[in-house]
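The values are calculated or read from the model by the stated rules, or taken from the named source; none is laboratory data. Keep in mind it's a predicted model, so treat the numbers as computed, not measured. Backbone-built Cβ (ideal geometry, glycine too); neighbour counts: all protein chains shown. SASA here: full protein model, heavy atoms, side chains in, ligands and nucleic acids out. Shrake-Rupley method; radii C 1.70, N 1.55, O 1.52, S 1.80 Å.
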Amino acid sequence: MSAAEKILPGHEKYARLFTPLELGHTVIKNRSIMGSMHTGLEELPDGFERMAAYYAERAAGGVGMIITGGIAPNPEGGMTMKDGDGNEVFAASKLQNEKEVEGHAIVTKAVHDAAPDCKFVMQILHMGPLAYNDMAVAPSPVKSRIGAFAPRELDEAGIEKQIADHAHCAAMAKKAGYDGVEIIGSAGYLLSTFLVEKTNQRTDQWGGSYNNRMRFPLAVAKRCREAVGDDFIIIFRIAAMDMLQGGMSWEEVAELARELEKVGVSIVSTHFTWHESAVPTIATMVPRAAFTSVTGRLRKEVSIPVITSNRINMPQVAEDVLAAGEADLVSMARPMLADSAFMLKAAEDRADEINTCIACNQACLDHTFGGKTTSCLVNPRACHETLLNYEPTPTPKRIAVIGAGPAGLAYATVAAERGHKVSLFDAADEIGGQFNLAKLVPGKEEFYETLRYYGRMIEKLGIALKLNTRVDTKMLEESGFDHVVVATGITPRMPHIEGITHAKVASYIDVLKGTKQVGKKVAIMGAGGIGFDVADTISHDGPSGALDKAVFAKEWGVDFENHPRGGVTGVEPQVAAADREIFLMQRKDTSVGKGLGKTTGWTHRLTLQRRGVKMMNAIEYQKIDDAGLHIIANGKPDILDVDTVIICAGQEPLRELHDALAAKGVSVELVGGAYEAAELDAKTAIKQASERAAAI
Ligand code: FAD
Ligand code: NAP
Ligand code: SF4
């Protein structure tokens, strides 16, 4: 019996989530979808085999339907289709010919073998002006703010070619064994650029009136249907709220959905952005299920099923959305990266064992947009299923893990899962290490979920947890462990400047824990991830936008109810200036915040700018005294008459325990911040610890 067959249909806690959906020619076994995500596997030489393992594991985990990462219908629509010499490269990210059908068939077979009742749908993605190659095409030669190349304007023959290529790609997908295709008509990719006046400046039958602007996406959908027949799923992904100034009006969105139904689309999927928009729609500061009311409105306009998405990361959230009548199907892309058995755990009433997506984007979208293979901060096996496995150990050992931060937690749980007998120690009275500070930052409330997950795993795997226990060499020498893992983390770096012990100096730990008062004029020394989080915390007043949709809407200028064009046209973000003056400083001369996450850094910079935080680079710190912080800025001495100086100047590893044990010949290793504090984040800590624990 496959894992998927163990699902108890109609589990009473999530009755709607486990209700099958009739589609006419076929049935989707439950209402969950793993949404499309590019993985970077598509471009690798062994990409088909790795995708087969990755998607098959998710299919076995009980999801109703999987939609692949975007696959281009032709070279001009692709992410990158040429090597350095301009030759076309063979990549899984395109589907146009028989050889590519053979490759995709490896993946469809693996998925259907793992779970015959899981629908497997390929996304057809024509990137249009966002294509990362010099063949990029678009309705008009309008370069996107985030595009790499100025697109060439399509002529009549070119438009016909694009339509025909989409239809051919859909037919090839059917041949490769997929159950359907999703055509992406959102996000600033080709089809969506026909719909919006800003990017469609044509005066022929493909531009001008809205009827003309809809003509191309409708023609693509219609021709795809003609190419595949009736027994094949066609999903069309629509920008239900594109977050563009002057974007699509609500009437245009609704009309497009109605017309798509007429040309034979099976399901409409709602998307809430163009990539160039200035509103975060999936980052951790976005409230859960923030956009589902928009899908609910669209659902009333059509009689075909509608998919909703964005920040739905637990079964109860999905169930609530379905119960509110806001969607027929719920798409969860990143949550299935984080936990491939998400639906299986929901079905077996084990939601507390779900490794929840915390919406950090650090190992998924930041990797995708950085040209690296996608993975997941909380699950480093994601997209590495053929490389990293937690096999039962033939030689169980007694292992002591010292430190229950992310590194120690990952090591302990992976080692215990493999059959080792693990004891986990922490000096604090709770597990989590620095995650207990991170979770206090407004907008980072999801970090609580990771701690809940590890807490449950400690129980389930029978790990002996000893809190309030500061471990020293003597304790370990006497206890007879076979192996010791030192995951003691870091200690904050205190810069060697005059006055560093002055009463107005505070560490970020003091500030986040609230053990030291922060004055009205504040200097933050160090503008890394923690400096930004501290600036965010002390410039923030009132409820967190991540927990309150009205606050989020106000801060980012979104009108969910009246739905002006794009949801944002004419709506000014309303951000209260901080009630204290804050200087966020670094010594480097690069722009402040440059090292933050690729896909989320801009949201942090913009938030602080809007609150009036002053960001300063190329600063030399001289001393701290009663007068304030003495600096040299732009070559000139200056005194910032601040009443608090918060130190966020990076960290140093805590390795004393390791070094003492190693000197006594104990079998010992270092993981996480204790191993390397520079460039350390939870992604690195969890990955390194998991890999080490998989190998012992
Ligand atoms: P730690 O988390 O420091 O854990 C070490 C543990 O060891 C502690 O619990 C400590 O009590 C224990 N310990 C130490 N000595 C002993 C001893 N002798 N005996 C017993 N126990 C001991 N990273 C990200 O990737 N993304 C983020 O968004 C993010 N945000 C952050 C926000 C803040 C405010 C902070 C402070 C950090 C953030 N980080 C983030 C960084 C991330 O939390 C760290 O990289 C990660 O916690 C390092 O894990 P670790 O297990 O190596 O160390
Ligand atoms: P960090 O990102 O390395 O930043 C340290 C800051 O301190 C830098 O601005 C650095 O800039 C400054 N600094 C370094 N040495 C200094 C010295 N001797 N005197 C004065 N300033 C000094 O480290 P962090 O902010 O402590 O964060 C720790 C880790 O947690 C990082 O890896 C970070 O990625 C992670 N984290 C991530 C997030 C996230 O949202 N993804 C959030 C929080 C933390 P200059 O050298 O230019 O002065
Ligand atoms: Fe979610 Fe972060 Fe994992 Fe991406 S890396 S799937 S956002 S937890």
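Listed residues Gly84, Gly47; which is open to solvent by 50 Å² or more (accessible area, probe 1.4 Å), modelled with pLDDT under 95 and not aliphatic (A, V, I, L, M)?
After ruling out the rest, the residue left standing is Gly84.
Please state which one of Ala283, Ala338 is within 20 Å of Gly188 (Cα to Cα) and among the small types (Gly, Ala, Ser). First the steps, then the outcome.
On the way: Ala338 fails: within 20 Å of Gly188 (Cα to Cα).
Just one listed residue meets the conditions, Ala283.
Among the residues of region 254-272, write down those that are in contact (Cβ under 8 Å) with a residue 12 or more places away in the chain and surrounded by fewer than 24 Cβ atoms within 10 Å (Cβ to Cβ).
If the condition is that a residue be in contact (Cβ under 8 Å) with a residue 12 or more places away in the chain and surrounded by fewer than 24 Cβ atoms within 10 Å (Cβ to Cβ), then Ala254, Glu255, Ala257, Arg258, Glu259, Glu261, Val263, Gly264, Ser266 are the ones that fit.
The rows are residues; the columns are (1) open to solvent by less than 10 Å² (accessible area, probe 1.4 Å); (2) assigned to a helix (DSSP H, G or I); (3) basic (Lys, Arg); (4) touching a residue at least 60 places away in the same chain (Cβ under 8 Å).
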{"site": "Asp204", "(1), (2), (3), (4)": "no, no, no, no"}
{"site": "Asn212", "(1), (2), (3), (4)": "no, yes, no, no"}
{"site": "Val220", "(1), (2), (3), (4)": "yes, yes, no, no"}
{"site": "Glu226", "(1), (2), (3), (4)": "no, yes, no, no"}
{"site": "Phe236", "(1), (2), (3), (4)": "yes, no, no, no"}
{"site": "Met241", "(1), (2), (3), (4)": "yes, no, no, yes"}
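Name the pairs whose Cβ atoms lie under 6 Å apart, with the first residue in region 512-535 and open to solvent by 40 Å² or more (accessible area, probe 1.4 Å), the second near ligand 1 (Cβ under 10 Å from one of its atoms), and 6 or more positions between them or separate chains?
Here the result reads Ile530/Tyr508; Ile530/Cys648, each pair linking region 512-535 to a residue that is near ligand 1 (Cβ under 10 Å from one of its atoms).
Before we move on, is Thr469 at pLDDT below 95, more than 16 Å from ligand 3 (Cβ to nearest atom) and polar (S, T, N, Q)? Explain how you work it out, then say what you get.
Details: at pLDDT below 95: no; more than 16 Å from ligand 3 (Cβ to nearest atom): yes; polar (S, T, N, Q): yes.
So Thr469 fails the test.
Select from region 243-262 the residues that are among the hydrophobic types (A, V, I, L, M, F, W, C) and in contact with an Asp or Glu (Cβ under 7 Å, 6 or more places away or on another chain) and write down the one among them that is farthest from Asp230 (Cα to Cα).
Met248
Would you pick out the residues in region 420-438 that are within 16 Å of ligand 2 (Cβ to nearest atom) and open to solvent by 30 Å² or more (accessible area, probe 1.4 Å)?
Selection gives Gly433, Gln434.
When region 663-696 is examined, which residues are found to be of a type in the set (D, E, K, R), out of contact with any Asp or Glu (no Cβ under 9 Å at 6 or more places or on another chain) and more than 11 Å from ligand 2 (Cβ to nearest atom)?
Answer for region 663-696, where residues must be of a type in the set (D, E, K, R), out of contact with any Asp or Glu (no Cβ under 9 Å at 6 or more places or on another chain) and more than 11 Å from ligand 2 (Cβ to nearest atom): Glu669, Lys687, Glu691.
Determine which member of the set Phe560, Phe552, Phe583 is in contact with a strand residue (DSSP E or B) (Cβ under 6 Å, 6 or more places away or on another chain), open to solvent by less than 40 Å² (accessible area, probe 1.4 Å) and outside the structural domain of Glu252 (by TED's automatic domain parsing).
Phe583
Which one of Val228, Val263, Val220 is over 22 Å from Gly70 (Cα atoms) and aliphatic (A, V, I, L, M)?
After ruling out the rest, the residue left standing is Val263.
Could you check, for region 283-294, whether at least one of its residues is small (Gly, Ala, Ser), away from ligand 2 (no atom under 16 Å from the Cβ) and within 23 Å of Gln96 (Cα to Cα)?
Scanning region 283-294, I find no residue that is small (Gly, Ala, Ser), away from ligand 2 (no atom under 16 Å from the Cβ) and within 23 Å of Gln96 (Cα to Cα), so the answer is no.
Taking region 294-309 only, how many residues are crowded, with 17+ Cβ neighbours inside 10 Å and small (Gly, Ala, Ser)?
Residues flagged as crowded, with 17+ Cβ neighbours inside 10 Å and small (Gly, Ala, Ser) within region 294-309 amount to 2.
Pick out the one residue from Ala660, Ala649 that is away from ligand 2 (no atom under 12 Å from the Cβ) and open to solvent by less than 40 Å² (accessible area, probe 1.4 Å).
Among Ala660, Ala649, only Ala660 is away from ligand 2 (no atom under 12 Å from the Cβ) and open to solvent by less than 40 Å² (accessible area, probe 1.4 Å).
Suppose we keep only residues that are touching a Ser or Thr at 6+ places or on another chain (Cβ under 9 Å) and closer than 15 Å to Gly264 by Cβ within region 164-186. Which one would you say is surrounded by the fewest Cβ atoms within 10 Å (Cβ to Cβ)?
Gly180
Residue-wise test of (1) outside any loop (DSSP other than H, G, I, E, B); (2) modelled with pLDDT of 95 or more; (3) open to solvent by 20 Å² or more (accessible area, probe 1.4 Å); (4) of a type in the set (Lys, Arg).
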| position | (1), (2), (3), (4) |
| --- | --- |
| Leu8 | no, no, yes, no |
| Leu17 | no, yes, no, no |
| Asn30 | no, yes, no, no |
| His38 | no, no, yes, no |
| Met51 | yes, yes, no, no |
| Glu57 | yes, yes, yes, no |
| Ile66 | yes, yes, no, no |
| Ile71 | yes, yes, no, no |
| Thr80 | no, no, yes, no |
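Criterion first (under 25 Å from Ala677 (Cα atoms) and in contact (Cβ under 8 Å) with a residue 12 or more places away in the chain) does Gly419 satisfy it?
Taking the combined requirement at face value, the residue does not satisfy it.
Kindly indicate whether any position in region 131-153 is assigned to a helix (DSSP H, G or I), open to solvent by 20 Å² or more (accessible area, probe 1.4 Å) and of a type outside the set (Asp, Glu).
no
Within region 391-404, take every residue that is open to solvent by 10 Å² or more (accessible area, probe 1.4 Å) and out of contact with any Ser or Thr (no Cβ under 8 Å at 6 or more places or on another chain) and give me the one that is nearest to ligand 3 (Cβ to nearest atom).
My answer is Glu391.
Check Asp510, Asp533, Asp541 and return the single one that is away from ligand 2 (no atom under 12 Å from the Cβ) and outside any loop (DSSP other than H, G, I, E, B).
Sole residue among the options that is away from ligand 2 (no atom under 12 Å from the Cβ) and outside any loop (DSSP other than H, G, I, E, B): Asp510.
Looking only at region 585-604, count every residue that is without any contact (Cβ under 8 Å) to a residue 60 or more places away in the chain and either of a type in the set (D, E, K, R) or not in a helix (DSSP H, G or I) (or both) and tell me the total.
6
Could you say whether any residue in region 191-199 is more than 29 Å from Val101 (Cα to Cα), in contact (Cβ under 8 Å) with a residue 60 or more places away in the chain and part of a loop (DSSP other than H, G, I, E, B)?
Yes, the conditions are met somewhere in region 191-199.
Taking region 358-384 on its own, how many of its residues are near ligand 3 (Cβ under 6 Å from one of its atoms) and without any contact (Cβ under 8 Å) to a residue 60 or more places away in the chain?
Looking only at that region, the number is 1.
Among the residues of region 673-689, what is the count of those that are assigned to a helix (DSSP H, G or I) and free of Cβ contacts under 8 Å to residues at least 60 places away in the same chain?
Here is the first cut: in region 673-689, the ones assigned to a helix (DSSP H, G or I) are 673-674, 682-689.
Remaining after also requiring free of Cβ contacts under 8 Å to residues at least 60 places away in the same chain: 684.
Qualifying residue count for the region: 1.
Report the residue count in region 603-614 for those that are under 27 Å from the mean Cα position of the chain (by Cα), open to solvent by 30 Å² or more (accessible area, probe 1.4 Å) and more than 16 Å from ligand 3 (Cβ to nearest atom).
Count: 4.
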